Amino acid sequence: MKTLIFLDDERHFRDVSWLDYQQEFAMILIYRTAHDFIEAIASLDNLQDFAFSFDHDLQSYDPDGQEQTGYDCVKALCELTLQQEWDPKLLQVFVHSKNPVGRENIEQYVKNFIRHCG
């Protein structure tokens, strides 16, 4: 059973009633900011034990005041996948964002990443 890494600035996993994950998770780790998410994934040693669920609008900012979104986080996850030479086809990504444009951007980024790098 996989661990779900859940990125959302305010929701809890149980609040996401509009998305069917179609599986149970051994554990759910919740991260509220882009910084915390990126720091957490840096310590992963594989992809096959994890699934990821993204919100787009995080109300998260870098030290320069630039907004960081779920899209930035999924890009960091894909970049880490390349650096670690993990198989991109092992990426299991859900997008629970209610922002339709943000959701589509994240989904398309992952789809294109797997198509071109997997």
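The values are calculated or read from the model by the stated rules, or taken from the named source; none is laboratory data. It should be emphasised that the depicted structure is a prediction, and the values quoted were computed from it without experimental measurement. Quick reminder, even Gly has a Cβ in these numbers, built from the backbone with ideal geometry, and neighbours come from all protein chains shown. With ligands, DNA and RNA removed, areas are computed over all heavy atoms of the protein, side chains included. Shrake-Rupley method; radii C 1.70, N 1.55, O 1.52, S 1.80 Å.
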* Residues being under 14 Å from Glu39 (Cα atoms), open to solvent by 70 Å² or more (accessible area, probe 1.4 Å) and either assigned to a strand (DSSP E or B) or touching a residue at least 12 places away in the same chain (Cβ under 8 Å) (or both) - total across the range 54-93 -> 1
* Which of the residues that make up the range 33-53 are of a type outside the set (Val, Ile, Thr), closer than 20 Å to Asp87 by Cα and open to solvent by less than 10 Å² (accessible area, probe 1.4 Å)? -> Leu47, Ala51, Phe52, Ser53
* Checking Ala26 against (1) under 14 Å from Thr3 (Cβ atoms); (2) open to solvent by less than 50 Å² (accessible area, probe 1.4 Å), which test does it fail? -> (2)
* Asked: Listed residues Asp20, Asp8; which is open to solvent by less than 40 Å² (accessible area, probe 1.4 Å) and of a type in the set (Asp, Glu)?
  -> Asp8
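Out of the range 102-118, which residues are without any contact (Cβ under 8 Å) to a residue 24 or more places away in the chain and not charged (D, E, K, R)? Outline the logic, then answer.
First, pick out the residues of the range 102-118 that are without any contact (Cβ under 8 Å) to a residue 24 or more places away in the chain: 104, 107-108, 111-112, 115-116.
Answer for the range 102-118, where residues must be without any contact (Cβ under 8 Å) to a residue 24 or more places away in the chain and not charged (D, E, K, R): Gln108, Asn112, His116.
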* Among the residues of the range 27-46, which ones are charged (D, E, K, R) and in a helix (DSSP H, G or I)? -> Asp36, Glu39
* Cross-chain or 6+ apart pairs with Cβ under 8 Å, the range 26-37 first and touching a residue at least 12 places away in the same chain (Cβ under 8 Å) and over 13 Å from Gly70 (Cα atoms), then of a type in the set (Gly, Ala, Ser) and open to solvent by less than 70 Å² (accessible area, probe 1.4 Å) -> Leu29/Ala40
* Please tell me if Ile106 is hydrophobic (A, V, I, L, M, F, W, C), in a helix (DSSP H, G or I), modelled with pLDDT of 95 or more and surrounded by 11 or more Cβ atoms within 10 Å (Cβ to Cβ). => yes
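Regarding Asp62, is this residue farther than 19 Å from Arg11 by Cβ and more than 12 Å from the chain's Cα centre (by Cα)? Step through it out loud before you land on a result.
Numbers: farther than 19 Å from Arg11 by Cβ: yes; more than 12 Å from the chain's Cα centre (by Cα): yes.
When the stated conditions are applied, Asp62 passes them.
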